[in-house]
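Reading through the structure tokens given below for one structure.
The values are calculated or read from the model by the stated rules, or taken from the named source; none is laboratory data. Values in this document were obtained by computation on a predicted structure and should not be read as measured data. Here the Cβ is made from the backbone with ideal geometry for all residues, glycine too, and neighbour counts use every protein chain on show.
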Amino acid sequence: MDLPNRPCLLAFCRRAPRFEEAFRAELRALGAPLFAFAPGSGTVFGADDEPRDIGPHPELWRIHGAGRAALTVVLLDEKQRVRLRRDAPEAEGTLLAAVREAGRAVCAAPRGIGRRELLLNSLAAALGAAVLQACASARPVDDRKAVSGAPALLEVSLVVNGQRRRLQVEPRLVLLDALRENLGLTGAKKGCDMGQCGACTVIVDGQRVNSCLKLVAQLEGARVTTIEGLVQGGQLHPMQEAFLREDAFQCGYCTPGQILSAIALLQEGKPRDDDEIREGMSGNLCRCGAYPNIVAAIRGVAGRA
Amino acid sequence: MRLFTFQRAASVDEAIASGAGAAFLAGGTNLVDLMKIEVLNPERVLDVSRLDLAKIELREGALQIGALASNTAVAEHGDVRRAAPGLSEALLSGASPQLRNAATVGGNLLQRTRCAYYRDLGTRCNKREAGSGCDALDGWTRMHAILGVSDKCIAAHPSDMCVALYALDATVRVRGPAGEREIPIGELHLLPGDHPEREFSLQPAELITGVRVPIDALAARSRYVKVRDRQSYAFALASCAAAVQVEGGAVQAARFALGGVGTKPWRVPEAERSMQGRPATRETFARAAEIALRGATPRRDNAFKVELAKRTAVRGLMLSAGALS
């Protein structure tokens, strides 16, 4: 069985779901085929066709690390690259909600140049939101029995903002996603997700790093500080105060990373002038261009330290 | 990212014993990045980041730098700054503080190219997929190499640290199933030739354990000059690690390596010899630079690199010779 050269959805369900008519109606709005797999079966839903039996696909199952959760949803683009991959604790309802949300996103997407990329992004956002919603409303999963082929979970214990947190993680999980999605700490931001923009900067064992490039599996025992851990006794950190005072941001997306990076910069040694501040902050991009005020904020704190 | 199994190595011996077919993972700044975009897809990842290989010391006339020393730790180390300032400068000119805190010496030695075609699964790349073709050849080549290229690959070598280590005549220490050996750094990186997918002279399961940098009067004079599209946090268009020793106005000894222009850091012994005994002047250095760039084969967008590399070399040599402030 070959996957098509256009965007498609994959759903891996631990138990074969029953697809009611309501579900198929939602699928038609989506305009992208859905390949639904269970350990012993596989079905493809085209936009118009009747569902077709294609049999199980252990290879795809393995590649996408399915089987650990009740449902794993994967969105592939036309080159079969993974655009989104999410686990959910419940299959049928979540998949229905996800497909419904995705269908709405597709209908709402404007026509014209760049529509394909826009569609993919809307699909990914809608699917992600629907699955997160399902995770939030579901009870914690106690059925941890994974089917064969699912990745072994690793136990990792971290100290995040002074609190010990135990996580069971897939080897692929990076610190940024663990903070945002497993621990609910959304202060660290996902910008480029490839170690270039610095929006995900956090402090690990006293050193600033890009959390998007750190596998959690490597961090047993590590101490992590995020923007949420800076407030002491209801008081903002002096660097946070300085960013407010100097108006050192516009949209604010890069700000948590800027602030943590700036705090680490001063811990590393006092920058002697603005050039050294700029060089030391070169790993944190600000697309609003708030740089002059960011430098002013850091200069202010450095001067008082 | 494709799925993989993850294991932690408790010792160097354990890493080597189970290293065949696995990717060694240390800082992750290069490997995790490339795994995310599915350019590298190891089925097994062996975490070596906790091994006891992070020491930096001056011993037996050489800087002995452990493979797991971070770029920051090496760059800021007092002995390194004193005995091989060019190495410190090269490291500090690369990446960002966040990346340097995580990146290790061992990983940096094996840093993969930033060729945009290598990183884009939608294009053909002989390095990523042997024999598939190269879309860079007729593509946008501004960032590509002009030296050491082949008709299969023109990807530039990205590391600043390696350029300095070439000029410093460093040796790479590795351990593998067959024991320990030392590789002169110039032999670690392979030219693309007909097989750009073969990048290193390492054997399966061989682990880099450290680097030895011989320390002498020349190393103490080493400097690093980097020219790029912006002041900071960018890959080199051209760079030069240079070490020149001058006595009575004449060049006693000189070494230099170029970055940003070769498929590996570029060192030309003949260019270095040409300076021997000559006055430490711009003319002497320009002649050496001229020799170093012989055989350069620029493409549509990177012809400017020929002149830029020469001037960068001259600047590096002048700086090291004390002829510039």
inquiry  = For the condition assigned to a strand (DSSP E or B) and more than 14 Å from every other protein chain (Cβ to nearest Cβ), what is the one hit in A:185, A:158, A:179?
reply    = A:158
request  = Mind listing whichever residues of the stretch A:189-218 are assigned to a strand (DSSP E or B) and either under 17 Å from the mean Cα position of the chain (by Cα) or farther than 12 Å from residue B:28 by Cβ (or both)?
outcome  = A:201, A:202, A:203, A:207, A:208, A:210, A:215
ask   = If you scan the stretch A:79-113, which residues turn out to be at pLDDT 80 or above and in a loop (DSSP other than H, G, I, E, B)?
value = A:79, A:80, A:81
request  = Determine if the stretch A:66-73 includes at least one residue that is surrounded by fewer than 18 Cβ atoms within 10 Å (Cβ to Cβ), of a type outside the set (Gly, Ala, Ser) and touching a residue at least 12 places away in the same chain (Cβ under 8 Å).
outcome  = no
task = Kindly list, by first and then second residue, each pair from a residue in the stretch A:1-19 that is farther than 12 Å from residue A:75 by Cβ to a residue that is β-branched (Val, Ile, Thr) and assigned to a strand (DSSP E or B), limited to pairs with Cβ atoms under 7 Å and residues at least 6 apart or on different chains.
result = A:12/A:72
inquiry  = Consider the stretch B:10-23. How many of its residues are in a loop (DSSP other than H, G, I, E, B) and within 13 Å of another protein chain (Cβ to nearest Cβ)?
reply    = 2
note = The correct count of residues that are in contact (Cβ under 8 Å) with a residue 24 or more places away in the chain and within 14 Å of another protein chain (Cβ to nearest Cβ) in the stretch B:233-288 is 2
request  = Can you give me the number of residues within the stretch B:24-47 that are more than 10 Å from every other protein chain (Cβ to nearest Cβ), touching a Lys or Arg at 6+ places or on another chain (Cβ under 9 Å) and touching a residue at least 60 places away in the same chain (Cβ under 8 Å)?
outcome  = 2
note = Inside the stretch A:54-79, the number of residues satisfying the requirement of being out of contact with any Gly (no Cβ under 6 Å at 6 or more places or on another chain), under 18 Å from residue A:42 (Cα atoms) and not hydrophobic (A, V, I, L, M, F, W, C) is 6
inquiry  = If the requirement is being surrounded by fewer than 20 Cβ atoms within 10 Å (Cβ to Cβ) and in contact (Cβ under 8 Å) with a residue 24 or more places away in the chain, which of these qualifies: A:278, A:272, A:299?
reply    = A:299
request  = Kindly establish whether residue B:163 is part of a helix (DSSP H, G or I) and either more than 14 Å from every other protein chain (Cβ to nearest Cβ) or touching a residue at least 12 places away in the same chain (Cβ under 8 Å) (or both).
outcome  = yes
Options B:122, B:186: the member that is within 14 Å of chain A (Cβ to nearest Cβ) and either part of a strand (DSSP E or B) or at negative phi (or both) = B:122
key: Matching residues, the stretch B:73-95, being within 12 Å of residue B:226 (Cα to Cα), in a helix (DSSP H, G or I) and not acidic (Asp, Glu)   = B:86, B:90, B:91, B:92
inquiry  = Checking residue A:252 against (1) away from chain B (no Cβ under 14 Å); (2) assigned to a helix (DSSP H, G or I); (3) closer than 17 Å to residue A:291 by Cβ, only one condition comes out false. Which one?
reply    = (2)
request  = Identify all residues within the stretch B:214-231 that are modelled with pLDDT of 95 or more and within 14 Å of chain A (Cβ to nearest Cβ); write none if there are none.
outcome  = B:226, B:228, B:229
request  = Filter the stretch B:39-58 down to residues that are touching a helix residue (DSSP H, G or I) at 6+ places or on another chain (Cβ under 7 Å) and of a type in the set (Val, Ile, Thr) and give me whichever is nearest to residue B:19 (Cα to Cα).
outcome  = B:48
request  = Output the helices (runs of 4 or more DSSP H) that fall wholly within the stretch B:206-294 and possess 2 or more residues being among the aliphatic types (A, V, I, L, M), or say none.
outcome  = B:217-220, B:282-292
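Which one is surrounded by the most Cβ atoms within 10 Å (Cβ to Cβ), of the residues in the stretch A:163-176 that are in a strand (DSSP E or B) and not charged (D, E, K, R)? It would help to see each step written out before you state the result.
First pass over the stretch A:163-176, keeping only residues in a strand (DSSP E or B): A:163-169, A:174.
Next, only the ones that are not charged (D, E, K, R) stay: A:163, A:167-169, A:174.
On the way: A:163: 10, A:167: 18, A:168: 12, A:169: 21, A:174: 25.
Checked the stretch A:163-176; the qualifying residue surrounded by the most Cβ atoms within 10 Å (Cβ to Cβ) is A:174.
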remark   = The condition from (1) surrounded by fewer than 22 Cβ atoms within 10 Å (Cβ to Cβ); (2) touching a residue at least 60 places away in the same chain (Cβ under 8 Å) that residue A:288 misses is numbered (2)
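One line per residue, one yes/no per condition, for (1) more than 14 Å from every other protein chain (Cβ to nearest Cβ); (2) aliphatic (A, V, I, L, M); (3) over 28 Å from the mean Cα position of the chain (by Cα); (4) outside any strand (DSSP E or B):
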| position | (1), (2), (3), (4) |
| --- | --- |
| A:16 | yes, yes, no, yes |
| A:27 | yes, yes, no, yes |
| A:35 | yes, no, no, no |
| A:62 | no, no, no, yes |
| A:67 | no, no, no, yes |
ask   = Would a scan of the stretch A:191-207 turn up a residue that is of a type in the set (Val, Ile, Thr), surrounded by 16 or more Cβ atoms within 10 Å (Cβ to Cβ) and facing chain B (nearest Cβ under 9 Å)?
value = yes
